[in-house]
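The structure under discussion appears below in the form of structure tokens.
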Amino acid sequence: MKGIKYQLKNIRRDKICIISFLLPVIVGLAINMLSGVSFSSLSETSFGIVKNDLSHKSVQWLQSNGSIAEFENVDELKASVLDPASEMIGVLRDENGIKTFLSGDELQINRIIGNTLPKLYAEREAVVASIIRVIPAANSNDGMKSLLIVITMVTAMFMGCTFNAMSMIGEKEDGIAFINEVLPMTRTDFIAQKVFLGFSGGVLATILTALTCIRVESGHIFLLLLIIILSAFISALAGLYIGHFANGLMGGITYIKILMILFLAPPIITYLVVPAGSTLHLLSYLLPSSATFYGLMDMLNGQVQNIEISIIALLVHCIVWLLLFFILENHRYKKSLV
Amino acid sequence: MWRGFISILKKDFKLILSSKFFLLALGSLILYSCYINFVYVKLDQDIYPVYIYDPMNTHTRVSSEVTQVDTIEDLKEKYSDGYSVGIDASSIESEIVIVTSGITSTDNFRAAYALSLLSPESSYTVENIGQNDKEMKNRREITSEFLFFELAAVGFLGLASLIFKEKQMGVIRVHGILPVNKSAFIISKLCLFLLSDLVFTCLLSIINLGLSAGWNVLPVVFIQAGILSIIMALAGLYCAIRVPDFKQFSLLYLVLAIFITTPVFLAAQTNINWNWINYHPMYHLFMGMKNSYFSTPSVGSSYYLVCALAIVLLFLLVHRALTHEMAKEG
């Protein structure tokens with residue numbers, strides 16, 4: 001207990017830890033403050049038109065199908081369509097309706113929209129006459145927003161590794177690691193203290209972040225806590241590995257950078273690109289952060305029937321990572337005896 | 001003077017080699033290239049799938065894009081994903097069913113698109129006015145981003161770690177009494193980092209754009225990479241001399257990586273319009289880099305003038321800080 005007190009006291013002075021603790025919380029607050037509108041305008045189809053080219057009615061029709069940017073002349077419009085950052089579709093008047101143009105580097109969806117827009121324009125009366133049933137979405141959370149929230153939450157959880165990794169590397173650099181060898185403290189005690197350090201930091205940061213940006217049903221709070229606790233524990237173990245392998249601060253920061261990229265990028269990509277149930281999706285569970293990511297995403301979307309898979313995957317990760325570390329430690333201990 | 005400079009250069013090179021900076025750069029190069037070639041290039045978004053439940057075969061001229069389902073439950077399951085569109089043609093008048101995307105205009109378009117697939121296809125194809133296809137655009141875009149990030153953040157960090165090591169070893173103190181110009185101390189480091197950054201730029205561009213496209217953009221990219229590399233190295237040098245230890249410096253680095261580069265990416269990548277971004281100096285550097293990858297003429301001579309001025313100013317600042325530090329160290 002006393003050891004843990006010293007560990008916490010030591011970490012309080014570490015500015016990297018404080019920043020990495022506060023960062024997700026600040027980002028969570030920022031996401032909360034951004035209104036849903038600013039995200040949704042990103043996924044709207046954008047059309048570019050030239051002033052006084054299309055009739056008032058055509059502009060109104062375009063507006064009901066996407067967002068419109070108006071330009072003074074065709075050259076300005078072309079420049080904006082050509083801009084690689086934009087997915088804008090240029091719309092001009094044609095003798096019997098409208099014609100479209102693209103820069104040719106757009107997403108498949110926008111190319112098809114460009115191909116079909118004149119036909120849609122010609123058939124616009126038929127749409128008004130047809131029966132269209134729009135079902136409200138089960139969850140009111142904006143898709144883009146919940147993705148950002150989950151990314152922030154996963155970052156907060158796995159930031160936990162910074163706390164104990166930095167503390168271990170700092171001790172190595174200051175020579176405290178040698179003193180620890182002769183202190184009346186067992187190796188297990190040391191590991192327990194360091195794991196606790198990363199774990200408590202990760203859990204605290206995640207809970208604070210969750211408070212700022214997540215709204216879940218009261219029945220799911222227990223599940224959310226379980227995911228947080230398991231993920232933070234794995235992250236603390238990851239921190240232990242980094243502390244074990246890194247020799248200097250520079251190396252430590254590099255390892256943390258690589259770990260964060262490895263833990264964050266694949267789940268996001270698999271979530272967006274790979275269909276659930278495929279082999280690749282199953283393989284992604286090899287990374288603990290994927291399980292956390294899918295679990296949180298399901299929870300935000302209000303579908304908790306598949307959440308057991310995530311929790312079981314996390315549990316397996318906890319056990320495997322812990323066992324591996326003990327084997328590693330044991331190996332090192334034996335080597336030091338020789 | 002010249003011999004002194006060469007020996008400083010040699011010493012710096014050995015130091016960089018021992019700090020595993022090149023290893024880090026090589027690791028980043030492999031990581032980035034794998035990501036670009038295996039993941040980013042393939043990212044795409046397909047048009048909304050349309051499913052129809054038509055037990056009485058009311059619609060005879062349905063486009064091949066529409067998938068037939070056998071039961072109404074199947075249809076419901078398909079459109080429940082919130083992206084697909086369902087057409088229920090079991091009653092006299094067909095009904096289009098969608099789960100709202102949260103944006104009215106997108107919902108309107110989805111419904112109109114699904115309806116249009118029920119009538120004969122038109123032969124109209126959209127006119128392409130650009131030269132890049134989707135893949136090439138993705139490659140150019142992400143390569144310029146990674147390069148910008150690598151040069152802005154990693155060069156900054158690498159130089160600083162070098163300075164801290166030298167501070168620890170007492171090299172700065174020794175330099176105070178050596179008959180070597182202080183400018184040589186700065187320039188030798190700049191040269192090495194510039195050279196390594198240019199090699200990195202060359203490899204990253206050629207691996208990810210392909211030999212001919214990469215080779216074509218390289219001359220322009222080299223100019224932008226050189227400017228960015230020198231500015232960031234000087235900034236890193238200044239911060240590292242001024243800040244007492246590496247931990248505090250890494251805090252600065254985190255702030256740089258997150259609060260300075262993220263808005264730049266957001267503004268340049270998406271269609272967000274922020275007027276204040278024009279006052280963000282890194283934004284112009286990034287746009288210079290990106291435009292050079294797309295071979296679009298962008299900046300005038302004023303841009304280069306400002307960059308040159310910034311470099312001179314930063315150099316003078318570093319020189320002063322170094323003199324101050326040496327005086328302090330005795």
Give me the tail of P(r) for region A:279-338 as a percent: Cα-Cα pairs with distance above 15 Å. 59
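Among the complete DSSP H segments of chain B, which ones combine at least 27 Å of alpha-carbon extent along their axis with a mean Kyte-Doolittle hydropathy of 1.0 or more? Before the final figure, lay out each step's value.
Values: long enough: B:182-209 (40 Å, 1.75); B:211-242 (44 Å, 1.63); B:301-329 (42 Å, 1.08).
TM-like helix candidates: B:182-209, B:211-242, B:301-329.
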Distance from region B:133-212 to region B:281-329 (C-alpha centre basis), Å: 14
Added length on full extension, which subtracts the Cα-Cα distance from 0.36 nm per residue, residue A:245 to residue A:74: 55.6 nm
Roughly how crowded by other chains is peptide A:22-31, in terms of the mean Cβ count from those chains within 10 Å of each of its Cβ atoms? 1
Mark the label point 7 Å from the Cα of residue A:331 along Cα→Cβ and return the residues of region A:217-243 whose backbone N is within less than 19 Å of it. A:237-243
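Within a 10 angstrom radius of each residue's Cβ in A:77-88, how many Cβ atoms of other chains show up on average? Whole number is fine. Intermediate values should be presented prior to the final figure.
On the way: counts 0, 2, 1, 1, 2, 6, 5, 14, 10, 2, 3, 1.
Mean partner-chain Cβ count within 10 Å for A:77-88: 4.
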May I ask for the equivalent-ellipsoid semi-axes of the protein assembly as shown, computed as the square root of five times each C-alpha gyration tensor eigenvalue and listed largest first in whole Å? 50, 35, 19
Kirkwood hydrodynamic radius, computed over distinct alpha-carbon pairs, for region B:50-116: how many Å, to one decimal? 12.0
Taking the Cα atoms of chain B, what is the range of coordinates along each of the three principal axes, in descending order and whole Å? 96, 38, 36
Of the listed peptides B:226-234, A:297-305, what is their order by residue-averaged count of other C-beta atoms within 10 Å, with the highest listed first? B:226-234, A:297-305
Overall Cα dimensions of region B:89-142, principal axis frame, Å, largest first: 51, 31, 17
The answer for residue A:89, listing residues at least 5 apart or on another chain whose modeled amide H is closer than 5 Å to its amide H, is A:46, A:47, A:48
Using Cα positions and a limit of under 25 Å, work out the lysines in reach of residue B:78, with same-chain residues fewer than 8 apart set aside. A:145, B:42
Using Cα pairs under 8 angstrom and six or more residues apart, how large is the relative contact order of chain B, in percent? 19
So what are the radius of gyration and Dmax for the Cα set of chain A, in Å? 26.5, 90
GluC sites (Glu not before Pro) within region B:17-121, DSSP loop, no more than 10 other Cβ atoms inside 10 Å: B:93
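Counting only trypsin sites (Lys or Arg not before Pro) that sit in a DSSP loop (anything but H, G, I, E, B) with at most 14 other Cβ atoms within 10 Å, what is the longest stretch of chain A containing none of them?
On the way: sites that count: A:13, A:51, A:215.
The answer is A:52-214.
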What is region A:45-129 by shape, rounded, prolate or oblate, if you read a ≥ b ≥ c off the alpha carbon gyration tensor as root eigenvalues and call it rounded for a/c under 1.5, prolate for a/b larger than b/c, and oblate otherwise? oblate
Averaged over residues of A:109-120, the number of beta carbons from other chains lying within 10 Å of each residue's Cβ is 6
Ordered by number, the GluC sites (Glu not before Pro) in region A:171-266 that occupy a DSSP loop and have at most 14 other Cβ atoms within 10 Å are A:217
Once fully extended, how much extra length lies between residue B:59 and residue B:309, figured as 0.36 nm per residue of separation less the alpha-carbon to alpha-carbon distance? 83.0 nm
For region B:129-272, one quarter of the surface area of the C-alpha convex hull, expressed in nm², comes to 10.3
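Most exposed first by the Cβ proxy, i.e. fewest other Cβ within 10 Å, how do B:293, A:121, B:83 rank? Before the final figure, lay out each step's value.
On the way: B:293 26, A:121 20, B:83 17.
The most exposed by this proxy come first: B:83, A:121, B:293.
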Using each residue's phi in region A:107-112, evaluate 6.51 cos²θ - 1.76 cosθ + 1.60 at θ = phi - 60° and report the 3J(HN,Hα) Karplus result to the nearest Hz, with x for Gly and Pro. 5, 3, 4, 6, 5, 5
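Values in this text are rule-based calculations from the coordinates and carry no lab data. Predicted model only: the values in this text are computed from it and were never measured. With ideal geometry, Cβ positions are generated from the backbone for all residues, glycine too; neighbour counts draw on all protein chains shown.
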